[in-house]
1. Which ones in segment 67-114 are more than 10 Å from the ligand (Cβ to nearest atom), farther than 16 Å from residue 28 by Cα and not in a loop (DSSP other than H, G, I, E, B)?
2. Would segment 48-65 turn up any residue that is more than 6 Å from the ligand (Cβ to nearest atom), under 20 Å from residue 87 (Cβ atoms), modelled with pLDDT of 95 or more and not in a strand (DSSP E or B)?
3. Hey, does segment 115-124 have a residue that's farther than 15 Å from residue 26 by Cβ, within 14 Å of the chain's Cα centre (by Cα) and at pLDDT 95 or above?
4. Give the residues of segment 23-47 that are part of a loop (DSSP other than H, G, I, E, B) and under 10 Å from the mean Cα position of the chain (by Cα), sorted by residue number.
5. So, in segment 131-151, exactly how many residues are assigned to a loop (DSSP other than H, G, I, E, B) and free of Cβ contacts under 8 Å to residues at least 12 places away in the same chain?
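The values are calculated or read from the model by the stated rules, or taken from the named source; none is laboratory data. Computed from a predicted model, the values in this text were never measured in an experiment. Neighbour counts run over all protein chains shown; Cβ positions are idealised from the backbone, glycine included.
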Ligand SMILES: Cc1cc2nc3c(=O)[nH]c(=O)nc-3n(C[C@H](O)[C@H](O)[C@H](O)COP(=O)(O)O)c2cc1C
């Protein structure tokens, strides 16, 4: 069997999205308080392992995002690794209608203003370290200033546009 590698210049964007979607990722909620309003972006582009010393993580945000300009100026952001119990609220947290994103969602605000989604397997408290233009996205590097681990909770997995569980 041979593999037919097609130049991306000959592909339609749906094929590219399908290929990118075949790579399983976690899902995080990056959130803070902007002008007294809880503000959030859900991201599957989040990655750890950028650097351990200092501890750095990253995610990519669409240049067209209307939410990121509200978050990018905050001194501290909460990053909640979303868990199995959040499956039903992920679409709501990422909806275009900003007013209903947090309806019925338990949250905790840290003294720094970082906003955490309750019951996440891992919480990071972060400060923006740098950002870098990458095509139609901005790669944002975050310095981790604090964290909380709850080993009893499982993260949700985003794969082929659907949410999957690690546990059966
Ligand atoms: C599972 C999932 C993953 C997402 N990942 C990203 C991401 O990595 N980067 C991004 O900019 N938006 C991502 N989005 C879209 C944003 O969460 C949100 O819908 C978008 O920012 C809303 O538009 P606004 O920024 O103009 O408010 C994702 C949405 C979902 C449901």
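1. Correct list: 99, 100, 109.
2. No, there is no match, as no residue in segment 48-65 is more than 6 Å from the ligand (Cβ to nearest atom), under 20 Å from residue 87 (Cβ atoms), modelled with pLDDT of 95 or more and not in a strand (DSSP E or B).
3. Among the residues of segment 115-124, at least one is farther than 15 Å from residue 26 by Cβ, within 14 Å of the chain's Cα centre (by Cα) and at pLDDT 95 or above, which makes the answer yes.
4. Across segment 23-47, the qualifying residues are 26, 27, 44, 45, 46.
5. Of the residues in that region, 1 qualify.
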